[in-house]
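In what follows, a single structure is set out as structure tokens and then discussed.
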2 protein chains.
Amino acid sequence: MSSSARFELFSYWRTSATYRVRVALNLKGIAVQETNVDLDAGEQRGEAFLKINPMGAIPALIDHGPGASPLPLTQSLPILEFLDELYPTPALLPQGAHARARVRSLAAMLAGDTHPLITPRVRKYLTGTGGFDDAAWRAWQIQWFSTGLRALEQRLAQEPETGDFCHGDSVTMADICLASIIVVMRVFRIEVEGIPTVMRIMARCEQMEAFAKADPRWQAGAPSA
Amino acid sequence: MSSSARFELFSYWRTSATYRVRVALNLKGIAVQETNVDLDAGEQRGEAFLKINPMGAIPALIDHGPGASPLPLTQSLPILEFLDELYPTPALLPQGAHARARVRSLAAMLAGDTHPLITPRVRKYLTGTGGFDDAAWRAWQIQWFSTGLRALEQRLAQEPETGDFCHGDSVTMADICLASIIVVMRVFRIEVEGIPTVMRIMARCEQMEAFAKADPRWQAGAPSA
């Protein structure tokens, strides 16, 4: 990681969406300079960061490369698609339109239907206006982690395309999203029972350096164990 | 729409995610047979539909075409990507990796970060376990529609790539997502102030038959005005 890296990633140690981008960069061997946005201090809602992303969310990726747009890229799955277009090897999507639709759908079940429900801005609303205490917030987190992961488990266990990974025997965006949910559940000390296929694939992912290095515990700013 | 149509769409008249798929099918001139899933009666959580999509969510698209996978395709944005790969004209994504990343990010701000918060399963939880009354649920809806659309407005108003539509002068996935949020807000009689660029683009979309025909009001099962 040198300051001359082409890409600059606005990130925070424990977030699921930033983890996805870290894993993809690691898999493709792309150097990046990380800039910390302290979500626990609310920096994502500060004036400086809102100029980077008016949605007040990370990750944001700036491409300082030749011919690049000066606009920061935002939203984790669009960033993964972008990196896969620029650096096609190893591919994060399989060959064939139906296969790609399956992988994108598995990824969206987690990055789209699950993760947005447990983000800091939702916590802020529910524990403020919504009147949730800590136990109610925790029950909410468990509800949506469970809903998403159990639906994913059912698909992975039933669908013949599942292999060592979510789709066949190579890593795809779906595995990156799966792992991104499991690592953030660990941060919150939440476990979901009855998802053996999900956990088998998670264990397989963690054998790979690209995933292991992206783990929240090893990022700058993470609390020591 | 004949029963020999290649595609079967599991849908409901008022949902934002199904609307996106309808608009894309209309734009590309693809015939479809719709099968109604009555969300207000909870059919999406019934045993029959959970075999189609374990997430209990629509849309689901079955491709009965030659060589097609028997698995239903799910999640609106992956379905749009799929349709765009199979039927490239008119394209729902622009040329160039940075441009595609921008369009996918604008789309994900709404389909990913906004819409999942106001789905029936979230309503069920908040008005049950969460203790929300009707007014609290409505305030919740307004909060997330406003957050998503105001962030979108800021990007559209500032970023030079914005044209007649969200990205230049052709319809993309971003416009489809924008319109999908506005139409469902109308169903719920919710208005968000201070989004002139969003509303200008919405008006432009509605001049097109592909959008007008997909309007929730004209779908089977919609209440008469």
- Task: Answer with yes or no whether A:Trp144 is in the same structural domain as A:Ile176 (by TED's automatic domain parsing) and in contact with a Lys or Arg (Cβ under 7 Å, 6 or more places away or on another chain).
- Result: no
- Note on the structure: Those residues of the range B:152-175 that are part of a loop (DSSP other than H, G, I, E, B) and away from chain A (no Cβ under 11 Å) come to a total of 9
- Kindly indicate which of B:Ala222, B:Ala179 is open to solvent by less than 20 Å² (accessible area, probe 1.4 Å), in contact with a Phe, Trp or Tyr (Cβ under 7 Å, 6 or more places away or on another chain) and of a type outside the set (Asp, Glu). B:Ala179
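Hey, can you tell me all the residues within the range B:84-103 that are in contact (Cβ under 8 Å) with a residue 24 or more places away in the chain and touching a Leu at 6+ places or on another chain (Cβ under 7 Å)? Step through it out loud before you land on a result.
Here is the first cut: in the range B:84-103, the ones in contact (Cβ under 8 Å) with a residue 24 or more places away in the chain are B:84, B:87, B:89-94, B:99, B:102-103.
Within the range B:84-103, B:Asp84, B:Pro90, B:Leu92, B:Arg102, B:Val103 qualify.
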- Query: Taking interchain pairs and intrachain pairs at least six residues apart, which have beta carbon atoms under 6 angstrom, with the first residue in the range A:24-53 and in contact (Cβ under 8 Å) with a residue 40 or more places away in the chain and the second open to solvent by 40 Å² or more (accessible area, probe 1.4 Å) and part of a helix (DSSP H, G or I)?
  - Reply: A:Leu39/A:Pro120
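Looking at the range A:42-49, can you tell me whether even one residue there is open to solvent by less than 40 Å² (accessible area, probe 1.4 Å), at pLDDT below 95, farther than 30 Å from B:Ala157 by Cβ and not in a helix (DSSP H, G or I)? So that I can check it myself, show each step before the final result.
Initial filter on the range A:42-49 (open to solvent by less than 40 Å² (accessible area, probe 1.4 Å)): A:42, A:44, A:46, A:49.
Imposing the further condition that a residue be at pLDDT below 95 reduces the set to A:42, A:44, A:46, A:49.
Pick out the ones that are also farther than 30 Å from B:Ala157 by Cβ and you get none.
There is no residue in the range A:42-49 that is open to solvent by less than 40 Å² (accessible area, probe 1.4 Å), at pLDDT below 95, farther than 30 Å from B:Ala157 by Cβ and not in a helix (DSSP H, G or I).
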- Message: Can you confirm whether A:Thr162 is farther than 20 Å from A:Glu81 by Cβ and among the hydroxyl-bearing types (Ser, Thr, Tyr)?
- Response: yes
- Query: On the given criteria, is B:Ala135 open to solvent by less than 60 Å² (accessible area, probe 1.4 Å), assigned to a helix (DSSP H, G or I), more than 7 Å from chain A (Cβ to nearest Cβ) and more than 16 Å from B:Asp40 (Cα to Cα)?
  - Reply: no
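Okay, residues lined up against (1) over 13 Å from B:Leu106 (Cα atoms); (2) more than 8 Å from chain B (Cβ to nearest Cβ):
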site	(1), (2)
A:Leu39	yes, yes
A:Lys51	yes, yes
A:Met55	no, no
A:His64	yes, yes
A:Ala68	yes, no
A:Leu71	no, no
A:Gln75	no, no
A:Glu81	yes, no
- Message: Within the range A:11-29, does at least one residue satisfy the condition of being open to solvent by 20 Å² or more (accessible area, probe 1.4 Å), part of a helix (DSSP H, G or I) and not hydrophobic (A, V, I, L, M, F, W, C)?
- Response: yes
- When residues of the range A:138-151 are filtered for being farther than 13 Å from B:Gly130 by Cα, hydrophobic (A, V, I, L, M, F, W, C) and facing chain B (nearest Cβ under 8 Å), how many remain? 1
- So, in the range A:112-132, of the ones that are touching a residue at least 40 places away in the same chain (Cβ under 8 Å) and open to solvent by 20 Å² or more (accessible area, probe 1.4 Å), which residue ends up farthest from the other protein chains (Cβ to nearest Cβ)? A:Pro120
- Task: Considering only residues that are open to solvent by less than 60 Å² (accessible area, probe 1.4 Å), farther than 14 Å from A:Ala24 by Cβ and outside any helix (DSSP H, G or I), look in the range A:85-107 and name the one that is modelled with the lowest pLDDT.
- Result: A:Gly96
- Query: Does B:Ser16 meet the test of being over 17 Å from the mean Cα position of the chain (by Cα) and not assigned by TED's automatic domain parsing to the domain that holds B:Gln154?
  - Reply: no
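The values are calculated or read from the model by the stated rules, or taken from the named source; none is laboratory data. None of the values given here were measured: they were computed from a predicted structure. All Cβ positions, even for glycine, are placed from backbone atoms using ideal geometry, and neighbour counts span all protein chains on display. What goes into the accessible areas is simple: the full protein's heavy atoms, side chains included, and nothing from ligands, DNA or RNA. Shrake-Rupley method; radii C 1.70, N 1.55, O 1.52, S 1.80 Å.
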